[in-house]
């Protein structure tokens, strides 16, 4: 009997050891539009996050080995709220990444903050995403930053080329009525005022219900020299086609992140896109001068990993944004979390991150505004650029000079 008891004890001990050595995956939620009109960008951004996680695991970064993404598709704000609740209630996540689209991001970030769960925004730009939220962080530039970049490019590059003073210029801001459109337009208006640029009209339209010809008729009535356009892809293409059909003469047109910079803008318009500018987050084709030596090496690894996971595809703007956001999380934040992986421990670790500009693969750095500031949770070292569709069908970054590749 004693021998049998010893054998049973040994078996139980071996079983216990086996159980203690097994690992339970640590789930991170991921909410992106994987169907519907925003799906192409949402899929690319998520692919960038996946590439960052796989590279972190290949490098053996602390806490990365057992991480798994629990991905949910959300096309609307209501679906985004439901996705947050599902991830918190069923999967018990403490951290959610997302979400490409500003309307989705605002809803998801608001709900995650209410549930005291960290929301890590990798792509949406509307300023409202981080506003008055304790547990929300964003690694990319805000909409108002992109708007200011478009205005600065006009003042520092286009007006001197035209031999025109700021006070002589006539600019029209055309924008959607949602938070994304308002954020970018507000940034453009603020920078224009600071630089003495004459904004003669700010025209808003509902991207879900509008007449392109009527919009362009209002635009033409203002007789602008320059157009700053804040649109989504389908409405942006329709409006630009209507501008061309109207024979409206413009010295320059600068769009922003969700339309004019998208590859489909050029694919669908062809040569009609040539010469158009767009202010956005950088893609992977920027001047090496904007990157540190380490960032150049990381860019090569990121590009190879992204291509391996996505059928050889190159990282576009959403993919780069996803990788930058994911790498900041997996490389700079989670390894420095003290104790268990809780929302509070992740929040504290994120606020301590200090990555100099040029260290991210898009030329950015990472430094989040602390609590108590109007932009709390926003990465103050996020990068923004202006590119142009050129005759070879490629968009080349032109501004700021350190990022210029064309």
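The values are calculated or read from the model by the stated rules, or taken from the named source; none is laboratory data. Because the structure is predicted, anything quoted here is derived from the model rather than measured. So basically every Cβ, Gly included, is an ideal-geometry build from the backbone, and we count neighbours across all protein chains shown.
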Q | Residue in segment 16-37 that is modelled with pLDDT of 95 or more, assigned by TED's automatic domain parsing to the domain that holds residue 123, within 20 Å of the chain's Cα centre (by Cα) and surrounded by fewer than 21 Cβ atoms within 10 Å (Cβ to Cβ) present | A | yes
Q | Among (1) over 21 Å from residue 155 (Cα atoms); (2) in contact with a strand residue (DSSP E or B) (Cβ under 6 Å, 6 or more places away or on another chain), the one test that residue 256 misses | A | (1)
Q: For segment 238-245, indicate whether the set of residues that are in contact with a helix residue (DSSP H, G or I) (Cβ under 6 Å, 6 or more places away or on another chain) and closer than 22 Å to residue 101 by Cβ is non-empty.
A: yes
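Name every residue in segment 276-298 that is more than 17 Å from the chain's Cα centre (by Cα) and either at pLDDT 95 or above or surrounded by 20 or more Cβ atoms within 10 Å (Cβ to Cβ) (or both), in order of residue number.
Residues of segment 276-298 that are more than 17 Å from the chain's Cα centre (by Cα), as a first pass: 276-277, 287-298.
276, 277, 290, 291, 292, 293, 294, 295, 296, 297, 298, listed by residue number.
This table checks each residue for (1) closer than 17 Å to residue 152 by Cβ; (2) crowded, with 18+ Cβ neighbours inside 10 Å; (3) in contact (Cβ under 8 Å) with a residue 40 or more places away in the chain; (4) touching a strand residue (DSSP E or B) at 6+ places or on another chain (Cβ under 7 Å).
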{"position": "370", "(1), (2), (3), (4)": "no, no, no, no"}
{"position": "375", "(1), (2), (3), (4)": "no, no, yes, no"}
{"position": "382", "(1), (2), (3), (4)": "yes, yes, yes, no"}
{"position": "391", "(1), (2), (3), (4)": "no, no, yes, no"}
Q: Please work out if residue 59 is surrounded by fewer than 17 Cβ atoms within 10 Å (Cβ to Cβ), out of contact with any strand residue (DSSP E or B) (no Cβ under 9 Å at 6 or more places or on another chain), more than 14 Å from residue 120 (Cα to Cα) and modelled with pLDDT of 95 or more.
A: yes
Q: Write out, first by first residue and then by second, each pair whose Cβ atoms fall under 6 Å of each other, whose residues are 6+ apart or on separate chains, and whose first residue, in segment 60-76, is closer than 12 Å to residue 87 by Cβ while the second is modelled with pLDDT of 95 or more and assigned to a strand (DSSP E or B).
A: 69/28; 69/30; 70/27; 70/29; 71/30; 72/31; 74/31
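So, in segment 346-373, exactly how many residues are part of a loop (DSSP other than H, G, I, E, B) and at pLDDT 95 or above?
Residues of segment 346-373 that are part of a loop (DSSP other than H, G, I, E, B), as a first pass: 352-354, 356-365, 367, 369-373.
Those left that are additionally at pLDDT 95 or above: 352-354, 356-365, 367, 369-370.
Residues flagged as part of a loop (DSSP other than H, G, I, E, B) and at pLDDT 95 or above within segment 346-373 amount to 16.
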